[in-house]
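Colleague: Quick one: the structure is below, questions incoming.
Rule-based calculations on the coordinates, nothing more; no lab input. Quantities reported herein were computed from a predicted structural model and do not represent experimental measurements. Here the Cβ positions follow ideal geometry from the backbone for every residue, glycine too, while neighbour counts run over all protein chains shown.
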């Protein structure tokens, strides 16, 4: 029998989710079997959905060899720091993600990610030690596409991560604003609402018309866009992301007749060729530049990110200084 003490960063999560992160080599079915036969919490049987709390003792009735075979010591892959820090306190880190960097790993890239860079930064400061943490990893609250730049919130501990993840998920107390340049002259503010469906094969989303009939997979989304400058068939716009769906801004604006320049999934290929020839732009021009907090520990704070050089160059080229 091996005992696991639940620390603060491990607490307030389901037993099965804790075990899946702790026994990284175990399948989910194996975890469920262990909960039924080999696990007790504070000396009593527990259900897989039982919540664990700081100070709980999880007893695992397996041999030392079996216990070790299910563990996989976490090794954080350090990556060179490319981000800028927009805000930091003892609980929250808000960084400016550069162009071309994944927020977290996928099948194409597992090493050089924003999450690994942040983990390395916190390790260097002595604020995160993967060798002593059982399950917790500093993680992003929100996510940006590889080629979208700007603000990403990280929880430096589990309590802050849960708090701000809930605020983002439930659209409470955090307003997210982006800057973009679109094709077409937008005269008035747009409030865009509707339902979307994602096509996993093409990794695109489709805005549903009233006649389409939403399926069970359809999701509601809402976007507000405000023109800041217009000239020569283009608009510099501030976009408020009210919900947070895949490709939401790009798909919603394109559906409204104002595609983001450089966007090869939803934009105008003619405009994109012009932007590439003139400015070297090869992907969507989208920057998460402002977060406004009205709740939580950052209530009343506004955090902003610098506009990237490429964005500024195109803005000045199209609208003047």
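Colleague: Order these peptides, 230-240, 251-261, by their mean beta-carbon neighbour count within 10 angstrom, highest first.
Modeller: Values: 230-240: 18.0, 251-261: 22.5.
Per-residue mean Cβ counts within 10 Å order the peptides as 251-261, 230-240.
Colleague: Pull up the DSSP beta bridges for the chain and report the antiparallel fraction as a percent, rounded to 5. Write out the running numbers ahead of the final one.
Modeller: Values: 60 of 63 bridges.
Of the beta bridges lying entirely in the chain, close to 95 percent run antiparallel.
Colleague: Something else about it: In whole Å, how far is the Cα centre of the stretch 252-293 from that of the stretch 186-200?
Modeller: 15
Colleague: Something else now. Rounded, prolate or oblate: pick one for the stretch 15-54, where a ≥ b ≥ c are the square roots of the eigenvalues of its C-alpha gyration tensor, a/c under 1.5 means rounded, and failing that, prolate if a/b is larger than b/c, else oblate. Don't skip to the answer; put the middle values down first.
Modeller: Details: a/c = 2.00, a/b = 1.34, b/c = 1.48.
Here the stretch 15-54 falls in the oblate category.
Colleague: Additional query: Given a cut-off of under 8 Å on Cα pairs at least six residues apart, what relative contact order in percent is computed for the stretch 174-319? Intermediate values should be presented prior to the final figure.
Modeller: Numbers: 284 pairs, mean separation 40.4, N = 146.
Reported as a whole number, the value is 28 percent.
Colleague: In percent, what relative contact order does the chain have, based on Cα pairs under 8 Å that are 6 or more apart in sequence? Numbers along the way, then the final one.
Modeller: Working: 625 pairs, mean separation 45.3, N = 321.
Relative contact order of the chain: 14 percent.
Colleague: Still on this structure, I have one more. State, as an integer percentage, the relative contact order of the stretch 2-70 based on alpha-carbon contacts under 8 Å between residues 6 or more apart. If you can, show how the numbers build up before the last one.
Modeller: Working: 99 pairs, mean separation 33.6, N = 69.
Relative contact order here is 49 percent.
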